[in-house]
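Report on the following structure.
The values are calculated or read from the model by the stated rules, or taken from the named source; none is laboratory data. Owing to the predicted nature of the structure, the values given are computational and were not obtained by experimental measurement. A quick note on method: Cβ atoms are made from the backbone with ideal geometry, for glycine too, and the neighbour counts reach across all protein chains shown. Note: accessible area is taken over every heavy atom of the protein model, side chains too, but ligands, DNA and RNA are not part of it. Shrake-Rupley method; radii C 1.70, N 1.55, O 1.52, S 1.80 Å.
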Amino acid sequence: MAAAPETRAFEAEVSQVLHLVTHSLYSHKDIFLRELISNASDACDKLRFAALSDASLTADDADLHIDLSFDRDARTLTIRDNGVGMNRDEVIENIGTIARSGTRKFLDSLSGDARKDTQLIGQFGVGFYSAFIVADKVTLTTRKAGHADGEGVRWESTGTGEYTLETVESVPRGTTVVLHLKADESEFLDAWKLRDLVKRYSDHVAFPIRLPVQKDGKPTDEFETVNHAAALWARPKAEITDEEYQAFYKSLSHDYNDALAWSHNRVEGSQSYTSLLYVPEKQPFDAVMSGRDERKGLKLYIRRVFIMDASEQLLPNYLRFVRGVVDSDDLPLNVSREILQENRLVSQIRSACVKRVLDLLEKIAKDEPEKFQQFIAAFGNTLKEGIAEDTGNRERIAKLLRFASTKSDDTHKNVSLDDYIGRMQTGQDVIWYVTADSHAAAKGSPQIEALRAKDVEVLLLSDRIDEWMIGYLGEYAGKKLRNAAKGDLDAPDSGEVERRKQVDEAAAPVLKKITDALGSLVSEVRVSYRLTDSASCIVLAEHDMALHMQRLLREAGHDVPGSEPILEINPAHPLLRALEAEADEARVNDLSLLLFEEAQLTAGDQLADPAAFIARVNRVALGLSA
C-alpha cells in the first residue's frame, strides 16, 4: 500500500438515504444485484466506447464481462467487472447514484409513509447503495483503464456515517465490489439463487454475466455465462416474452413497477435503427426535476455500442417520461452532443420516436381506456406541455388530453375533446371551458351558470398548467375553444337584443351606484347574461390572464401587469335589489365593494385588504353604516 487509509464522513443527506435504503427496502432486497450488475454493465459500455479511439485501453483484456462469485466461509458475495474503472476523484464523486442526483430533492419528496416511500426510492434508483440492504460492510476496489497498476483505489464502508479510502497496488482494471453479507442473508451464497436473479433481472445485459462452474456442490475456477448476453432490443419481437420486456424496463429505469406499455420497432431503408420505447406506470422521479438537470431516460447506441443518454436530443421535453433505447446503424461512432443537435438522421429518428409514442398512446386510449386513465393521472399535465411545444402534433396531442366536465359528478378527468364534440347541442359551434385553481372552484364558477341552465357542457380545467396551455389551443377539429369567464358569452338574436335593452335600462340606476362606488377598481359595471343564481362575477377580456393565475405568478415573485376587470351583476338577485333601494351612501359603498370582493374570491383572486372585507361583512350583517 502506498498510503494509510483516509477516513471521510458521508454528507448528512447521503447518511439519511443509506438509513432509508437499509430500513425501507428490505421487502425488495433482491434488487441490489440488479443495481450492481447494471453499474458493471455501464462500466463495460463506457470502456468499449473509449477503446474505439484508444485500443490500448483494452489491450491487456479485451473480453469484457461481469463475474459473480461467493465464499460461504467468509460470507462474501463479489461482483467484478473489467470495465472502465474509476480513479480516486471519481470514486468520491460517483460511488452512488443518489449522491449525485439531487439527494436533497429526493429526501424532501418523502412522505413518511413506508409503502409510498419505497415506491419513490424505486423510481429514483438507489444504485450502489442498495448493497447495504443485504451487507453490513461493502469493499470496493477499482483501477481506471489506462492507469498504472499502482493507482488502484479501495473504498470501504459499513453504511453508517463514514467510509475509508486508500490507494492500493496490483489491482486489475475495472471494479470489484465485495459484499460482507448480514447474518440472515445466506440465500445469496447459493449459485442457483444467483443464477435465478440474473435470469430474472439481468438476462438482457449485453455482456456475459458469469458464475463459477459448480462441481460436487463447490465452485471451481472455471466460469460459465448464465445470461442471454445479447441486446434485447436487437432480438426479433416474436422471440421476446412480456416478462423479458418488463425485466428489461425495470433494469433500464430502476423502477419496481411494470411499464404501462411499450413499442418495439426496427426501421430499415435510407437509414436503419431499432427503437424500444416504454411508457411507465408512474412518474419517474427525474422527470419531475426536468429543467434543473440534464434529462435522462433514452439511451443511444450505435451498432450495439452505448454512446450517451440522448433523451434531450431524441425526445421533446413533454415526452420526458419515456424510457428506452435507440440503436442506430448509420450514425458515426464519434458522434457528439453538438453533432446530434445538427444531424439530419437524428432529426428523422426524433420525429419517428415522437410518432411511435403518440401512436402507442392513441392505441392505449382506444383499446384500454382504464389503462389510459392511469397514464393521464401520471402524465396528463406533462403531455399538456406538448400543446405549446409541438405545433406539428398539436391536434394529435389535444386528442389525447382528458378533462373533468359539468356532465360528471366526480373529479375524474375522463372527457376527451372528441367526447365533448359528440355531445354538443344542435347549433353549438364552440367548446366551452372554465379555468380555476381547484375542481370545486371551477365547478362552482358563477360564470357558467347560464350555460349549465341551458344544459350546455363546460369543461372544468383546474390544473395549474391549464390556463397557460389553453392559450395555445385556440381550436380543435374546427371548433373554437372559449373561456366562459372571458369576453361576451354569446351574440343575442334580434328578439333577445330588445329584451336585454329593456333590462339594461331598468338596471341603469343600480349600475350607476356601483360604478360610482367602485371607481377605478373596475373598467365597467354591466348587467350579466351569464348569471342565474349568483349576485355578481368578474369577467375578463378575451386575452387577459385568469385572476387565479395572476395571483400564483405574484406569489412566485413575478411582476404581473395590473388589469381592471369588468364586474357583471345580476339585477334580479336580492342583494342587488337591496342595494338599489338603499339610500345610505356608506351602505351603498359597502354593498358595492362586497359584490366586487365576492366576485374576486370566486374568480380565485386575493383580496387586497381582507380585514376591511371582514369589517364590511360584519357591518352589512348587523345593518350598520360605515
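For the chain, the antiparallel share of DSSP beta bridges with both residues in that region comes to about 75%. Taking only the Cα atoms of the stretch 318-461, the ratio Rg/Rh comes out at 1.10, with Rh defined as the Kirkwood radius.
Just to be sure I understand: of the beta bridges DSSP finds with both ends in the stretch 476-624, what percent are antiparallel, rounded to 5? Provide the component values of the computation, followed by the final result.
Details: 5 of 10 bridges.
Looking only at bridges with both residues in the stretch 476-624, the antiparallel portion is about 50 percent.
List the aspartates and glutamates whose alpha-carbon lies under 16 Å from that of Lys371, not counting same-chain residues fewer than 8 positions away? Here the aspartates and glutamates satisfying the reach criterion relative to Lys371 are Asp258, Glu281, Asp359, Glu362.
In this calculation the C-beta distance from Ala183 to Ser438 is compared with R0 = 56 Å, giving a FRET efficiency of 0.60.
Against the chain, whose longest principal axis is taken from its Cα atoms, helix 610-622 shows a tilt of about 40°.
Here the stretch 462-615 is treated as a sphere whose radius is the Kirkwood value from Cα pairs; by Stokes-Einstein at 10 °C and 1.306 mPa s it diffuses with a coefficient of 93 µm²/s.
Overall, the accessible surface of the chain at a probe of 1.4 angstrom is composed of carbon and sulfur to the extent of 49 percent. One way to sum up the overall shape of the stretch 136-176 is the equivalent ellipsoid from its Cα gyration tensor, whose semi-axes run 22, 9, 7 Å, largest first.
Three semi-axes describe the equivalent ellipsoid of the chain; taken as square roots of 5 times the Cα gyration tensor eigenvalues and ordered largest first, they are 63, 28, 20 Å. Across the stretch 241-286, how large is the tail of the calculated P(r) beyond 17 Å, expressed as a percent of all Cα pairs? More than 17 Å apart: 37 percent of the Cα pairs in the stretch 241-286.
Counting every alpha-carbon pair across the stretch 554-626, the share separated by more than 16 Å comes to 56%.
Taking every pair of distinct Cα atoms and averaging 1/r, then inverting, what Kirkwood hydrodynamic radius in Å comes out for the stretch 199-333?
Details: mean 1/r = 0.0612 Å⁻¹.
After inverting the pairwise mean of 1/r, the radius is 16.3 Å.
What the Cα atoms of the stretch 130-198 give is an Rg and a Dmax of 14.2, 40 Å.
For the pairs Lys282/Lys366; Lys299/Lys443; Lys454/Lys501; Lys46/Lys250; Lys137/Lys237, note any where the Cα-Cα span goes beyond 32 Å.
Pairs exceeding the cut-off: Lys299/Lys443; Lys137/Lys237.
At a probe radius of 1.4 angstrom, the accessible area of the chain per residue rounds to 45 square angstrom.
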